[in-house]
Amino acid sequence: AIEDATVTPGITSFDAVMEHKDGVRMVPLEFSIVNLIDDPVVGGLVVTAHDITPLREAQDSLEFLATHDPLTRLANRNLLLERIEQALSRARELGPVTVFFVDLDRFKPVNDLLGHDAGDLLLVEIAVKLRRLAREGDTIARLGGDEFVLVAQSVASLAAAQAIAQRVENAVSEPVEMIGGPVQVYASVGFARSDHASTAESLLADADGAMYLVKAERRGDLRRSSIPVSERRAMVEALAVALREDQLVVFYQPLVNLKSRVIVGLEALVRWEHPERGLLLPGDFIGVAEESGLDIALGEHVLRTACIQLRDWEGLTAEPLSMAVNMSAAQLADPVFGSVVRDAVDAAGITPDRLCLEITEHDVLERGARGASRSPLACLSSLREVGVKLAVDDFGTGYSSLTHLRRFPVDVLKIDRIFVRGLGRELSDTSIVRAVVGLARAMDMTSIAEGVEQEAQVEALLAMGCEIGQGYALGRPAPADQIRETLELGTPTGL
Ligand code: C2E
Ligand code: MG
Ligand code: MG
């Protein structure tokens with residue numbers, strides 16, 4: 001460059017990296033050379049150089065910010081799309097591109113309850129886990145919130161992709177140590193593989209769609225079964241027959257005062273005495289009932305049966321018992337449901353305040369909001385006018401922010417058993433339960449812990465101020481005559 005400058009008039013400038021005199025660092029320098037060879041006074045080149053380290057750093061960090069997530073330092077959406085495109089352009093030689101879409105489960109309640117700093121820390125930890133799993137050449141990105149993407153080329157087969165998805169799920173679900181104890185979140189991972197028509201955008205959207213299916217299926221797992229479509233049609237027929245021929249029976253599970261161990265109420269849980277398959281649990285048929293619209297008739301049957309049953313147990317206990325009955329989203333949205341409830345209560349001769357209708361958090365907030373002509377809020381308010389109590393079931397699994405709930409006129413929060421399970425062992429679960437109990441109290445609601453299976457959980461719940469529990473340790477769901485015996489004895493059913 002210096003030789004060039006001798007023959008170029010005016011100013012020449014260029015960058016070069018030179019060794020610092022400490023002999024360790026390399027320093028980026030900007031040179032400018034002013035050609036004054038023809039100047040009679042100077043007769044030479046004037047070379048100045050200055051250290052442009054700060055400038056370079058600023059440029060680099062601007063570049064970095066434009067392409068990375070500042071929190072986890074993973075690629076951002078822009079860089080991700082660029083990398084997918086690059087990978088697609090090499091697909092002919094290197095094979096299809098596989099994009100894994102990773103969405104965290106339960107991150108939101110953890111973030112809400114432990115605070116954003118803890119949430120950030122958790123995201124950084126998850127980024128570290130993903131980096132550890134990735135191979136050279138893979139791209140990992142965070143799309144914001146709790147969504148991550150892994151891009152890998154030359155994943156040999158579908159089975160290999162499946163194995164990677166599984167490894168990601170396993171790694172993410174390992175508890176993260178935080179101040180105060182371990183915190184656990186889970187991941188739903190879906191993936192898509194490129195074909196000749198794929199674009200970066202379409203491949204990312206496909207992976208997102210696959211993740212959504214995984215998540216939906218998993219969320220449904222608790223209440224719906226994996227009955228194939230072909231069998232479902234037959235099942236709808238059979239369920240209609242079951243309703244007509246009285247094959248549906250109602251079991252009851254005690255709700256127990258944790259301090260006194262006295263039964264304070266029962267929850268009606270439907271069962272199907274299937275002529276060939278034996279006793280079926282709701283997980284096997286509620287999904288089919290909801291899809292086919294039979295849930296409305298089924299729900300009414302359970303409601304009427306439970307109200308009459310409650311009347312039948314009258315006088316067996318010192319304090320009047322309450323009866324909890326589950327309702328589906330369609331029942332809640334049904335404009336005549338209010339009068340059905342009133343009629344069931346009147347027919348049984350009980351007062352409406354003894355009846356508590358349960359709706360899952362998911363149904364109130366996600367499903368109720370769609371399709372139905374009235375808002376879930378309006379539906380719940382009209383039931384309130386009938387005089388019945390209302391409970392949010394499986395609370396904590398619907399990802400509603402805790403404060404969101406304030407708008408709904410509910411009396412009871414049922415804390416989902418996935419949080420009760422980790423009580424005392426896991427910080428996130430313990431904090432969630434504590435927060436829900438506190439929130440319930442602040443809003444003048446009753447909290448009920450579901451899935452109480454161990455004495456230690458009873459102790460932890462009492463310490464937090466949760467007074468009512470339900471679970472195998474306190475009494476399993478049982479047929480009415482068995483519950484009657486227990487009520488007559490005055491002690492809860494148990495293991
Ligand atoms: P849910 O309302 O949350 O009912 C509690 C479920 O947890 C019951 O399952 C009960 O047997 C189970 N359970 C109780 N204690 C424990 C425990 O300690 N550990 C464990 N692992 N599980 C426990 P079930 O009877 O299979 O009912 C499943 C779901 O089906 C119910 O969840 C409810 O959402 C739905 N369901 C039940 N009956 C009806 C109904 O009549 N109508 C509608 N729409 N849904 C119903
Ligand atoms: Mg329930
Ligand atoms: Mg529940």
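The values are calculated or read from the model by the stated rules, or taken from the named source; none is laboratory data. Keep in mind that this is a model prediction, so the values were computed, not measured. Reconstructed Cβ throughout: ideal geometry from the backbone, glycine too, with neighbour counts over all protein chains shown. Heavy atoms of the whole protein, side chains included, go into the accessibility calculation; ligands, DNA and RNA do not. Shrake-Rupley method; radii C 1.70, N 1.55, O 1.52, S 1.80 Å.
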Have a look at GLU63, GLU93 and point out the one that is without any contact (Cβ under 8 Å) to a residue 12 or more places away in the chain, within 29 Å of ALA192 (Cα to Cα) and acidic (Asp, Glu). GLU93
Run LEU377 past the list (1) touching a Lys or Arg at 6+ places or on another chain (Cβ under 7 Å); (2) without any contact (Cβ under 8 Å) to a residue 24 or more places away in the chain and report the number of the one that doesn't hold. (2)
Test set (1) in a loop (DSSP other than H, G, I, E, B); (2) more than 24 Å from GLU314 (Cα to Cα); (3) over 27 Å from the mean Cα position of the chain (by Cα) - CYS466 fails condition number: (3)
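Yes or no, residue by residue, for (1) modelled with pLDDT under 90; (2) within 16 Å of ligand 3 (Cβ to nearest atom); (3) within 27 Å of SER173 (Cα to Cα); (4) in contact with a Phe, Trp or Tyr (Cβ under 7 Å, 6 or more places away or on another chain):
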site: LEU377; (1), (2), (3), (4): yes, no, no, yes
site: LEU380; (1), (2), (3), (4): no, no, no, yes
site: ARG384; (1), (2), (3), (4): no, no, no, no
site: ASP393; (1), (2), (3), (4): no, yes, yes, no
site: LYS414; (1), (2), (3), (4): no, yes, yes, yes
site: ILE432; (1), (2), (3), (4): yes, yes, yes, yes
Read through the list (1) at pLDDT 85 or above; (2) open to solvent by less than 60 Å² (accessible area, probe 1.4 Å); (3) closer than 22 Å to GLN331 by Cβ, then give the number of the only condition that ALA449 fails. (3)
ALA449: passes all of (1) more than 16 Å from ligand 2 (Cβ to nearest atom); (2) of a type outside the set (D, E, K, R); (3) within 29 Å of TRP313 (Cα to Cα) but (1)
Name the residue, out of ILE483, ILE418, ILE448, that is among the aliphatic types (A, V, I, L, M) and in a strand (DSSP E or B). ILE448
Do you know which residues across region 316-355 are farther than 22 Å from SER292 by Cβ, open to solvent by 10 Å² or more (accessible area, probe 1.4 Å) and among the β-branched types (Val, Ile, Thr)? THR317, ILE350, THR351
From the options GLU267, GLU276, residue that is open to solvent by 30 Å² or more (accessible area, probe 1.4 Å) and of a type in the set (Asp, Glu): GLU276
Counting just the residues of region 1-13 that are open to solvent by 50 Å² or more (accessible area, probe 1.4 Å) and without any contact (Cβ under 8 Å) to a residue 24 or more places away in the chain, which one comes out farthest from ASP60 (Cα to Cα)? VAL7
Residue list for region 452-474, filter: within 14 Å of ligand 1 (Cβ to nearest atom) and surrounded by 20 or more Cβ atoms within 10 Å (Cβ to Cβ): VAL452, GLN457, VAL458, LEU461, ILE468, GLY469, GLN470, GLY471, LEU474
Go through region 175-216 residue by residue and tally those that are basic (Lys, Arg) and modelled with pLDDT under 85. 1
Over region 179-205, the set of residues of a type in the set (A, V, I, L, M) and farther than 18 Å from ASP105 by Cβ is ILE179, ALA192, ALA197, ALA200, LEU203, LEU204, ALA205
Would you confirm, using the coordinates I've provided, whether ALA435 is free of Cβ contacts under 8 Å to residues at least 12 places away in the same chain and either among the hydrophobic types (A, V, I, L, M, F, W, C) or open to solvent by less than 10 Å² (accessible area, probe 1.4 Å) (or both)? no
Over region 283-301, the set of residues within 16 Å of ligand 2 (Cβ to nearest atom) and surrounded by fewer than 20 Cβ atoms within 10 Å (Cβ to Cβ) is GLY283, GLY287
Please work out which one of (1) within 16 Å of ligand 3 (Cβ to nearest atom); (2) over 30 Å from ASP312 (Cβ atoms) is the condition LYS389 fails and give its number. (2)
Criterion (more than 22 Å from LEU213 (Cα to Cα), modelled with pLDDT of 95 or more, open to solvent by 20 Å² or more (accessible area, probe 1.4 Å) and not small (Gly, Ala, Ser)) met by exactly one of LEU121, LEU113, LEU81, LEU94: LEU81
